Each structure stands twice: as C-alpha cells, then as structure tokens.
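See structure below.
The values are calculated or read from the model by the stated rules, or taken from the named source; none is laboratory data. These figures come from a predicted structure and were not determined experimentally. Don't worry about glycine lacking a Cβ; one is built from the backbone with ideal geometry, like all the others, and counts go over all protein chains shown. Accessible surface areas use protein heavy atoms only, side chains included; no ligands, DNA or RNA. Shrake-Rupley method; radii C 1.70, N 1.55, O 1.52, S 1.80 Å.
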Amino acid sequence: MLVDSHTHIDTSRFHADREAVIHVAVAGGVTRMVDPGCDLASSREALALAKAYPGVIFAAVGVHPHDATTYSEEVGELFQEMAREPEVVAIGEFGLDYFRMLSPREVQQAVFCAHLELARACNLPCIIHVRDSHDDVIELLRKHGQGLRGVFHCFSGDVAQAEECLTFDGFMLSFAGPLTKQGNALPEVARMVPLHRILVETDSPYLIPNPIRAKRNEPLFVKRVAEKLAEIRGMTLEEIAQITTANAVRLFGLGEPQV
Ligand SMILES: [Zn+2]
Ligand SMILES: [Zn+2]
C-alpha cells in the first residue's frame with residue numbers, strides 16, 4: 001500500500017480518463033493520493049475530487065509560485081474557508097521557483113509568507129515547492145515558519161541542502177521521478193534522510209520515472225519511485241511502502257482507504 005503524496009490528478013491532462021487512472025492506481029496498491037492546488041481554480045477542483053473520492057483523494061489548497069501574482073487576500077480567505085473541509089489536508093503547493101521565474105521574486109516571497117500564515121491559522125502542514133531558491137526558502141522559513149510542519153516536495157537539492165531542510169523538525173523530504181535518473185545527488189540524499197521523514201510522490205502528470213515509457217506520469221508510477229528508494233536503502237519495497245505510508249498518514253492525518 002502506497003500513498004502518492006503529490007499528484008495533480010485534477011489537471012486537464014487527466015480529463016479524458018481520470019476515473020480509470022484513479023482505479024488503476026488503487027488496484028495497483030496506490031490507495032491514497034494528495035492533490036495540491038496550483039491556484040484558486042485548481043484548489044477547488046482538488047477539493048471537488050476529494051469529495052468525489054472520499055478516503056482516496058485528499059486536497060491541498062494553495063497558489064504555485066508560477067501563479068503567485070494571482071494570490072490576493074481574498075483568495076487567502078477563500079482558502080481558509082475551504083481548509084475547514086475535512087478533505088483539505090494541507091496548504092500548498094506554494095514556494096519559490098527562481099528557475100522559471102514566472103512571477104517576480106518579491107511577489108513570490110510575499111505570497112510564500114502569506115501561505116505560511118495560512119498554514120498556521122488552519123493548523124495544517126505545508127507543501128513547499130523549491131526550485132533554484134533553496135537559500136531564500138530556508139531564510140523565510142527560519143523567520144516566519146517556526147513551529148510549522150510540512151514537506152519539501154520533489155526534493156532536488158544536495159546533501160548539505162537536505163541537512164538544512166531537516167533542521168525544521170516538522171518537515172519531511174519527498175522524492176519523485178528524478179530519484180530514478182542519473183547524474184544528480186538524490187541517491188546520496190535518499191541514503192541520509194531519516195526513514196521517518198521520507199515521502200514519495202509522482203508530481204504527475206510531470207516527471208515520469210525511469211524506465212517507464214509513457215506520455216504522462218500518473219499516481220500508479222509512485223511505485224517506481226518507492227522501488228528505487230528501497231534499492232538505495234537496501235530494503236524491500238514493502239518496507240518502504242509501509243514507512244512512507246505511515247509518514248504520509250501522520251503528516252497529513254489521512255483517513256483509512258474506503259475502496
Ligand atoms: Zn512543485
Ligand atoms: Zn506539483
């Protein structure tokens with residue numbers, strides 16, 4: 001049994017066959033998934049899906065750094081309202097993305113801090129997106145994130161950066177498809193993260209793990225990430241599945257699967 005701790009199953013890439021994709025995942029042992037919003041509309045979609053698939057899909061509400069300019073106080077109030085629904089298990093995804101820099105840096109930072117306040121007000125974990133922005137994320141968390149919990153999703157840094165992330169007690173590191181690729185420091189990172197602080201995810205429809213050949217990623221393929229993690233840690237897939245599932249259940253307070 002696995003949890004895909006980060007999938008954008010609400011997006012248009014799944015419009016034609018979403019139902020089938022969810023059933024294939026569940027039948028394949030990926031019994032629960034967390035769908036984070038990227039703006040107000042997709043946060044609403046995620047919540048609607050979580051209501052349609054109770055105990056299987058869970059929602060998070062937030063504005064992605066790419067869309068940071070769409071955030072406003074009003075959107076924050078709507079998120080706070082939505083977060084009262086039991087299906088909403090986190091605030092996110094939000095963060096800083098200096099790689100594509102689709103929103104100005106200062107706007108990204110202000111919106112980042114607004115989400116930290118939301119997480120605090122709603123007493124929910126944070127799903128944080130970091131791309132070429134590690135130092136600023138750490139600095140803002142040190143200033144404004146005391147006592148918060150959450151996950152650095154699709155972690156892509158090196159060992160030193162992972163160690164800094166792990167100084168925030170309530171935070172976990174989540175691995176996605178890049179763990180299965182050559183030429184990065186992720187295997188080294190995956191070896192040193194304490195087992196009780198690791199999650200796995202797909203970030204589907206993006207980031208297809210090796211060696212899967214497909215047009216798009218989907219929640220079932222989180223198994224491949226878990227397999228790779230098991231190989232790196234010298235453990236069985238079952239052990240890794242059990243550990244990462246327990247971590248996701250603890251962090252997000254997930255209920256039992258109902259299918
Ligand atoms: Zn992300
Ligand atoms: Zn994402």
- request: Please verify whether the stretch 133-141 includes one or more residues that are more than 16 Å from ligand 2 (Cβ to nearest atom) and either open to solvent by 70 Å² or more (accessible area, probe 1.4 Å) or outside any helix (DSSP H, G or I) (or both).
  value: yes
field: Failed condition for residue 115, given (1) of a type outside the set (S, T, N, Q); (2) within 12 Å of ligand 1 (Cβ to nearest atom); (3) within 17 Å of the chain's Cα centre (by Cα)
entry: (2)
field: Members of the stretch 28-49 found to be part of a helix (DSSP H, G or I) and either more than 16 Å from ligand 2 (Cβ to nearest atom) or open to solvent by 10 Å² or more (accessible area, probe 1.4 Å) (or both), listed by number
entry: 40, 41, 42, 44, 45, 47, 48, 49
message: When you scan the stretch 71-90, do you find a residue that is within 13 Å of ligand 1 (Cβ to nearest atom), in contact with an Asp or Glu (Cβ under 9 Å, 6 or more places away or on another chain) and not in a loop (DSSP other than H, G, I, E, B), even just one?
response: no
- request: Pick out the one residue from 18, 32, 44 that is under 13 Å from residue 218 (Cβ atoms) and out of contact with any His (no Cβ under 8 Å at 6 or more places or on another chain).
  value: 18
- line: Restricted to the stretch 119-132 and to residues being out of contact with any Lys or Arg (no Cβ under 8 Å at 6 or more places or on another chain) and crowded, with 22+ Cβ neighbours inside 10 Å, the residue nearest to residue 144 (Cα to Cα) is 119
